[in-house]
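See structure below.
The values are calculated or read from the model by the stated rules, or taken from the named source; none is laboratory data. Here the structure is a predicted model, which is why all the values come from computation and not from measurement. Glycine also receives a Cβ, built like all others from the backbone with ideal geometry; neighbour counts cover every protein chain displayed. Surface accessibility is based on the protein's heavy atoms, side chains included, excluding ligands, DNA and RNA. Shrake-Rupley method; radii C 1.70, N 1.55, O 1.52, S 1.80 Å.
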Amino acid sequence: MAGGFGVGKTTFVGAVSEILPLTTEAVMTDASAGIDDLGLTPNKTTTTVAMDFGRLSLDQDLILYLFGTPGQHRFWFMWDDLVRGAIGAVVLVDSRRLADCFPAIDYFEEAQLPFLVAMNGWEGQFLHSEDEVREALSLPPHVPVVRTDARSRDAVKSTLISLVEYVLTVRAAYGRTY
Amino acid sequence: MRDRDGTEDEPLFRPYAVTGGRAEPRYHLAMETLVSSVALKSNDYSLLGPEQESIMMLCRTVRSVAEISALLRVPLGVARVLIADMADEGLVRLHMPQLNQGQPDLNLLERVLSGLRRL
Ligand SMILES: Nc1nc2c(ncn2[C@@H]2O[C@H](COP(=O)(O)OP(=O)(O)OP(=O)(O)O)[C@@H](O)[C@H]2O)c(=O)[nH]1
Ligand SMILES: [Mg+2]
């Protein structure tokens with residue numbers, strides 16, 4: 001799950017998760033350039049980056065985890081870890097604030113992780129069409145753009161089904177990469 | 001996770017080069033790596049540290065590394081080191097899905113799809 005600040009990512013995860021969404025934190029140490037004495041390191045900053053997630057048991061021995069970073073996506077190192085082994089990504093968008101999701105789309109394209117774009121309708125209202133969103137985001141024709149409602153279990157479920165179906169088509173058509 | 005044929009129940013480690021220094025876990029534990037505790041004789045529990053005991057209790061049901069970190073309120077890196085050490089000591093098993101060149105294999109995707117449809 002990726003998308004701009006406050007677009008409904010946690011709500012989306014919570015709508016299908018069997019547990020209340022949890023948060024795990026990672027500490028990133030950024031040693032800036034310069035002489036870095038191990039004791040006093042004024043140039044070293046640590047940043048805590050959080051990742052929200054929910055869990056969905058699909059079978060006795062099959063658990064699906066939905067991960068998403070809260071807030072702004074300045075820190076991608078946690079995603080680098082997730083992309084390996086991930087099925088795909090949902091980029092949740094508010095069509096009034098499309099620019100918020102540019103970094104996520106760039107990132108998944110670069111990482112070659114299949115993704116779809118899900119428009120979160122505010123109060124069930126969709127102010128833009130799928131085609132308008134596709135054009136504004138310069139998405140290639142094979143990337144699905146779907147409508148969703150982050151508050152609705154059924155809508156979220158069908159968004160996830162669309163994603164897995166898409167990933168299967170991509171694999172059938174292109175093999176390993178997309 | 002079980003293997004494709006549904007019989008394999010061995011831990012599926014992701015080997016990770018030891019780069020020296022105790023702080024580097026021996027296995028690369030992904031956030032979604034699943035952990036389950038091994039049944040111990042009751043007096044063995046007294047030998048566990050407090051974090052180890054919590055992890056043993058939590059992982060009576062299978063949980064991911066991320067869940068353990070969140071539920072114990074420890075940073076991911078700390079959870080990874082604790083869990084990797086416990087795996088070394090044979091206290092927990094690690095389970096990873098079958099990956100094919102870093103991606104979930106088609107069989108796994110099909111199972112996820114039918115699981116979602118059944119929800
Ligand atoms: N009306 C309406 N409100 C929504 C919808 N989706 C989310 N909200 C509300 O919008 C607010 C933000 O939603 P979150 O799910 O926390 O958004 P987020 O993307 O996780 O936010 P950050 O993690 O802070 O980036 C919450 O108060 C939600 O209840 C929606 O579809 N319609
Ligand atoms: Mg959130």
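Some observations on this one:
- 3J(HN,Hα) along region B:77-87, derived from phi through the Karplus expression 6.51 cos²θ - 1.76 cosθ + 1.60 where θ = phi - 60°, amounts to x, 5, 4, 4, 5, 4, 5, 5, 4, 5, 5 Hz, with x in place of Gly and Pro.
- Under 5 Å from the amide H of A:L92 lie the amide H atoms of A:A2, A:G3, A:A118, each residue being 5 or more positions distant or on a separate chain, with H modelled from the backbone and absent for Pro and chain starts.
- When chain A is treated as a GNM with alpha-carbon contacts under 10 Å, the residue of A:L113, A:L58, A:L160 showing the greatest mean-square fluctuation is A:L58.
- Accessible area buried at the A-B interface, both sides summed, 1.4 Å probe (Å², nearest 100): 3500
- Convex hull per residue volume in Å³, alpha carbons only, for region B:17-98: 93
- Dipole in debye (nearest 20) - chain A, about Cα centre, beta carbon charges: Lys, Arg +1; Asp, Glu -1: 220
- Rounded Å value of the spacing that divides the Cα centres of region A:109-178 and region B:78-111: 28
- Protein heavy-atom surface of region B:17-98, 1.4 angstrom probe: 54% of the accessible area is carbon and sulfur, with nucleic acids and ligands not counted.
- Couplings 3J(HN,Hα) for region A:46-63, derived from phi with the Karplus relation 6.51 cos²θ - 1.76 cosθ + 1.60 (θ = phi - 60°), are 10, 10, 9, 10, 9, 10, 8, 7, x, 9, 9, 7, 9, 7, 3, 10, 9, 10 Hz, where x marks Gly and Pro.
- Between amide H atoms placed 1.01 Å from N, distances below 5 Å from B:H28 occur with B:R14, B:Y16, all of them 5 or more places distant or on a separate chain.
- GluC sites (Glu not before Pro) within region A:81-133, DSSP loop, no more than 12 other Cβ atoms inside 10 Å: A:E123
- Note that region B:26-93 presents 46 Å² accessible area per residue, ligands and nucleic acids not counted, probe 1.4 Å.
- Across peptide A:152-161, the average count of Cβ atoms from other chains found within 10 Å of a residue's Cβ is 2.
- Potential extension, A:W122-A:R84 segment - 0.36 nm per residue separation minus Cα distance: 10.5 nm
- Counts of other chain beta carbons within 10 angstrom of each beta carbon in peptide A:83-90 average 5.
- Per-residue Karplus couplings for region B:43-48, computed as 6.51 cos²θ - 1.76 cosθ + 1.60 with θ equal to phi - 60°, are listed in order as 6, 5, 5, 5, 8, 7 Hz, Gly and Pro entered as x.
- Taking the C-alpha atoms only, the angle from helix A:153-174 to the longest principal axis of chain A is near 80 degrees.
- Share antiparallel - DSSP beta bridges, region A:83-161, percent rounded to 5: 10
- Per-residue average of Cβ from other chains inside 10 Å of B:35-41: 0
- Restriction of the GluC sites (Glu not before Pro) in region B:57-119 to DSSP coil positions whose beta-carbon has at most 12 other beta-carbons within 10 angstrom yields B:E89.
- Once backbone amide H atoms are built at 1.01 Å from N, A:I63 has A:L58 as its partners under 5 Å, excluding neighbours fewer than 5 places away on the same chain.
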